[in-house]
Amino acid sequence: MWYKILMADQDVQVEETSRDSGGMRSLIRGLEVLEIISEHQPIGVSELTRMLKVPKSTVQRTLMSLAQAGWLQLAGSERTRWELTHHAWVIGQRAGKTASLREIALPVMRVLGESTAEAIHLGVPDGTQNVVTLERVDSTQAVRVYNPLGATFPFYSCSSGKAILAYWPESKVDEVLSRPMHKLTDRTTVDAAVLRAELLQVRERGYALNTAENRPGVCAIGAPILDRDGYAVAALCISIPQDRYDWRHVPQWGEELTASAAVIGRELSASAGG
């Protein structure tokens, strides 16, 4: 395996490894788990146990540790099988070595940016805590919204997050909305019942709104990017300074946005053989 090669390159003696604390063994086991899940996801504990040839209790502890760190999550409505979160995906995209959502989305984002003259952001879930900015196309206007790549925002406060939640399994929505929510501005909704009602509206019209709920002076319209099963894997949003946000433009921009997100979703599914 790659980690054995790395150890040999660094002239690490086998007996030194055997005397190492449990930390190194746990790290190596965690990396093995991530590698296997990336190839076979979603995968159950029993299958992982057979492939790793270690006690089931050890595998369960490793899975829980990786889940707590944001690398793994339970797969959809299946509560016994595991898959990688987008945290692993984001790290992979930063390495820039594989065809990706980012590469598929960027040409579509540029067209949408030209059409709206506003900032376009691509966000992906980072576990069930936040949405992370994976790519952006900046506005050419003097006053514009800027999100650095890698910036994270709580699901409940941003249009991308609400767009994703509206097209996630109910169990995952419950997980997000059961956590404590905090007001980021005086407009942030932190009532789970109100948010659930808003998610129904998002499904009806196809896009979500953020009216200065995440940052003062910043509004946004977000639409989900769906996989072939109809679940949100990412979101596309138009970010607009509040002074320029005009509700009369929302239906037109929402239509353009959802159409653009649909194009990305179809191309993403096609690239995955779906």
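Since every read-out is calculated from the coordinates, none of them should be taken as a lab result. Please read these numbers as outputs of a predicted model, since none were measured by experiment. Note that each Cβ is placed from the backbone with ideal geometry, even for glycine, and that neighbours are counted across all protein chains shown.
Assuming charge only on the beta carbon of Lys and Arg (+1) and of Asp and Glu (-1), the dipole of segment 99-271 about its Cα centre is about 160 debye to the nearest 20. Against the empirical 2.2 N^0.38 Å (N residues), segment 226-274 has a Cα radius of gyration ratio of 1.40. Residues of segment 140-164 with amide nitrogen under 13 Å from the 7 Å Cα-to-Cβ point of Asp186? Once the point is set 7 Å along Cα→Cβ of Asp186, nothing inside segment 140-164 turns out to lie under 13 Å by backbone N. Once the C-beta distance of Ser57 and Ser171 is scaled by a Förster radius of 35 Å, the resulting FRET efficiency is 0.90 to the nearest 0.05. Compared with the dominant principal axis of the Cα atoms in the chain, helix 101-116 is inclined by about 10°. In the chain, a dipole from Cβ-located charges (positive for Lys and Arg, negative for Asp and Glu) runs towards its positive end, and of Leu199, Val250, Leu74 it is Leu74 whose Cα lies farthest in that direction.
Extension gain, Leu31-Val45: 0.36 nm per intervening residue step, less the Cα-Cα distance, totals 3.5 nm. Under a Cβ-Cβ cut-off of 12 Å, what is the net charge of the residues other than Leu101 that fall near it, where Lys and Arg count +1 and Asp and Glu count -1? Taking every other residue near Leu101 into account, the sum is -3.
Annotation: extensible slack from Arg266 through Arg203 equals 20.8 nm (criterion: 0.36 nm per residue apart, minus Cα-Cα distance). Where a ≥ b ≥ c are the square roots of the eigenvalues of the C-alpha gyration tensor, would you call segment 167-261 rounded, which needs a/c under 1.5, or, failing that, prolate if a/b is larger than b/c, or oblate? Because a/c hits 1.5 or more and a/b fails to exceed b/c, segment 167-261 counts as oblate. Over the residues of the chain, the helix contribution to mean residue ellipticity at 222 nm works out to -15000 deg cm²/dmol, using -39500 (n - 2.57) for each DSSP H run of at least 4. Within the listed set Thr85, Thr128, Thr185, the residue fluctuating most in the Gaussian network model of the chain (springs between alpha-carbon atoms under 10 angstrom) is Thr185. Peptide packing: for 207-216, 224-233, the average count of neighbouring Cβ atoms within 10 Å per residue gives the ranking 207-216, 224-233, highest mean first.
Each peptide in 100-111, 33-44 was scored by the mean count of other Cβ atoms within 10 Å over its residues; highest first, the order is 100-111, 33-44.
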